[in-house]
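Engineer: Quick one: structure below, then a few questions.
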Amino acid sequence: MKKILITGSNGLLGQKLVYALKKWNDVETIATALGTNRLIDQQGYIYEPMNIVDQANVEAVIKKYQPDVIINTAAMTNVDACESKREECWALNVSAVEYMIDAIKKHSPQAHFIHLSTDFIFDGEKGSAYTEEDTPNPLSYYALSKWEAEKRVQNSGIKWAIGRTIIVFGIVDNMSRSNIVLWAKDALTKGQKINVVDDQFRSPTLAEDLAQGCILIADKGATGIYNLAGPDTFSILDLVYKVADFWKLDKSLVSPSKSNTLNQPAKRPPRTGLIIDKARKELGYAPHTFEQGLKILDEQLKAFS
């Protein structure tokens with residue numbers, strides 16, 4: 001029986017991992033998050049509250065369970081908030097990773113540490129999608145914190161893997177969190193006018209696909225960096241247009257805009273995208289197209305309504 005501990009289990013990716021791993025007979029899942037368990041289904045796994053910025057708490061939980069795999073999905077991901085709340089960002093995105101690494105070395109040295117990272121570590125000036133070997137150049141404090149965490153993982157001396165991803169979309173239990181797809185659908189359904197940038201390009205990633213990529217890394221004991229993103233890259237504007245088309249919403253409500261008109265505190269890379277050939281070849285990673293992802297989301301939304 002392999003013990004897999006998930007941090008951030010109340011989040012979008014964390015929930016998808018818990019539900020996916022429940023179906024594996026040879027896995028004992030330990031879900032951890034701050035506070036209470038917010039998943040609707042609370043059977044078939046262990047829930048343990050854990051505050052990742054409390055070093056003693058992190059060490060106690062890892063000592064208690066001595067997991068074979070830790071999948072770290074917990075992070076501060078609000079890019080603009082990270083710019084103004086730098087101490088909080090560093091604590092959640094860097095110090096917490098250091099605490100996990102130290103606890104693994106002390107209490108679970110065999111553990112495979114799988115850490116989630118982001119396309120935002122790149123400056124977006126390449127003009128095309130990034131490979132695992134491209135050199136990061138973070139533009140924002142969020143991006144810097146994620147790159148600093150990556151360096152600590154890579155230099156940790158433990159068994160590690162890093163999964164880099166982009167714009168994760170999906171739904172969580174009780175619809176308690178949003179993302180760009182749900183935001184656009186909700187706004188357009190209500191007839192609200194929205195401004196959407198046409199000069200940023202991304203590869204939206206279905207949360208279930210990202211969870212599957214992490215599980216493949218764990219199952220195969222794979223190490224190193226893997227790009228785990230969606231297969232399609234387009235502008236944020238086109239992404240929103242595709243959302244409108246799928247749900248037959250009014251695209252005239254969408255106003256194209258430029259990044260420099262939004263007055264966002266954090267600078268974003270203009271064009272990222274991640275080349276996923278390595279994950280496809282070595283892991284068998286097979287993400288859905290964006291349209292397929294929207295169909296899956298639609299079925300889930302119907303089940304919730």
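Engineer: Within region 281-302, can one find any residue that is small (Gly, Ala, Ser), surrounded by 21 or more Cβ atoms within 10 Å (Cβ to Cβ) and either at negative phi or part of a strand (DSSP E or B) (or both)? Before you say what the answer is, go through the steps one by one.
Structural biologist: Step one: filter region 281-302 for residues small (Gly, Ala, Ser), giving 284, 286, 293.
Applying the additional criterion that residues be surrounded by 21 or more Cβ atoms within 10 Å (Cβ to Cβ) yields 293.
Retained after the next criterion (residues that are either at negative phi or part of a strand (DSSP E or B) (or both)): 293.
Yes, there is a match, as at least one residue in region 281-302 is small (Gly, Ala, Ser), surrounded by 21 or more Cβ atoms within 10 Å (Cβ to Cβ) and either at negative phi or part of a strand (DSSP E or B) (or both).
Engineer: Report the residue count in region 166-190 for those that are basic (Lys, Arg), over 17 Å from LEU17 (Cβ atoms) and not in a helix (DSSP H, G or I). Let's see the steps before the verdict.
Structural biologist: Filtering region 166-190 for residues basic (Lys, Arg) gives 177, 185, 190.
Subset that is over 17 Å from LEU17 (Cβ atoms): 185, 190.
Subset that is not in a helix (DSSP H, G or I): 190.
Selection size over region 166-190: 1.
Engineer: Which one of these is outside any helix (DSSP H, G or I), in contact with a Gly (Cβ under 8 Å, 6 or more places away or on another chain) and at negative phi: ALA229, ALA266?
Structural biologist: When all the criteria are applied, what remains is ALA229.
Engineer: Another one. Considering only region 35-47, state which residues are without any contact (Cβ under 8 Å) to a residue 40 or more places away in the chain and either among the hydrophobic types (A, V, I, L, M, F, W, C) or within 27 Å of VAL94 (Cα to Cα) (or both).
Structural biologist: GLY35, THR36, ASN37, ILE46, TYR47
Engineer: Among the numbered conditions (1) of a type outside the set (Lys, Arg); (2) in contact with a strand residue (DSSP E or B) (Cβ under 6 Å, 6 or more places away or on another chain); (3) within 24 Å of VAL18 (Cα to Cα), tell me where PHE304 comes up short.
Structural biologist: Failing condition for PHE304: (2).
Engineer: Do we find a residue being in a helix (DSSP H, G or I), modelled with pLDDT of 95 or more, out of contact with any Pro (no Cβ under 8 Å at 6 or more places or on another chain) and within 30 Å of ILE215 (Cα to Cα) anywhere in region 244-263?
Structural biologist: Scanning region 244-263 turns up at least one residue that is in a helix (DSSP H, G or I), modelled with pLDDT of 95 or more, out of contact with any Pro (no Cβ under 8 Å at 6 or more places or on another chain) and within 30 Å of ILE215 (Cα to Cα).
Engineer: Count, please, the residues in region 137-153 that happen to be touching a residue at least 24 places away in the same chain (Cβ under 8 Å) and either over 23 Å from GLN200 (Cβ atoms) or assigned to a helix (DSSP H, G or I) (or both). Full working, then the answer.
Structural biologist: Filtering region 137-153 for residues touching a residue at least 24 places away in the same chain (Cβ under 8 Å) gives 139-143, 145-150, 152-153.
Filter again for either over 23 Å from GLN200 (Cβ atoms) or assigned to a helix (DSSP H, G or I) (or both), leaving 141-143, 145-150, 152-153.
Residues that pass the stated criteria total 11.
Engineer: Give me a count of the residues in region 270-280 that are surrounded by fewer than 21 Cβ atoms within 10 Å (Cβ to Cβ) and of a type outside the set (D, E, K, R).
Structural biologist: Number of matching residues: 2.
Condition check ((1) surrounded by 17 or more Cβ atoms within 10 Å (Cβ to Cβ); (2) under 20 Å from LYS281 (Cβ atoms); (3) touching a helix residue (DSSP H, G or I) at 6+ places or on another chain (Cβ under 9 Å); (4) modelled with pLDDT of 95 or more) across all residues:
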residue: MET175; (1), (2), (3), (4): no, no, yes, no
residue: SER178; (1), (2), (3), (4): no, no, yes, no
residue: ALA184; (1), (2), (3), (4): yes, no, yes, yes
residue: VAL197; (1), (2), (3), (4): yes, no, yes, yes
residue: SER203; (1), (2), (3), (4): yes, yes, yes, yes
residue: GLY213; (1), (2), (3), (4): yes, yes, yes, yes
residue: GLY221; (1), (2), (3), (4): no, yes, no, yes
residue: GLY224; (1), (2), (3), (4): no, yes, yes, yes
residue: LEU228; (1), (2), (3), (4): yes, yes, yes, yes
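Engineer: List pairs: first in region 98-112 and of a type outside the set (Val, Ile, Thr) and at pLDDT below 95, second buried (at least 16 other Cβ atoms within 10 Å of the Cβ) and in a helix (DSSP H, G or I), Cβ under 8 Å, 6+ apart or cross-chain?
Structural biologist: Hits for this filter: zero, empty list.
Engineer: Here is a follow-up. Looking at (1) closer than 21 Å to ILE6 by Cβ; (2) without any contact (Cβ under 8 Å) to a residue 12 or more places away in the chain, can you tell me which one TRP183 breaks?
Structural biologist: Only one criterion in (1) closer than 21 Å to ILE6 by Cβ; (2) without any contact (Cβ under 8 Å) to a residue 12 or more places away in the chain is unmet by TRP183, namely (1).
Engineer: Are there any pairs, at least 6 apart or on different chains, whose C-beta atoms fall under 8 Å, with the first in region 197-214 and touching a residue at least 12 places away in the same chain (Cβ under 8 Å) and under 26 Å from SER259 (Cα atoms) and the second part of a loop (DSSP other than H, G, I, E, B) and of a type in the set (S, T, N, Q), and if so, which?
Structural biologist: Between residues of region 197-214 that are touching a residue at least 12 places away in the same chain (Cβ under 8 Å) and under 26 Å from SER259 (Cα atoms) and residues that are part of a loop (DSSP other than H, G, I, E, B) and of a type in the set (S, T, N, Q), the close pairs are PHE201/THR233; PHE201/THR272; ARG202/THR233; ARG202/THR272; SER203/THR233; SER203/THR272.
The values are calculated or read from the model by the stated rules, or taken from the named source; none is laboratory data. Computed from a predicted model, the values in this text were never measured in an experiment. We place every Cβ from the backbone using ideal geometry, glycine too, and count neighbours over all the protein chains shown.
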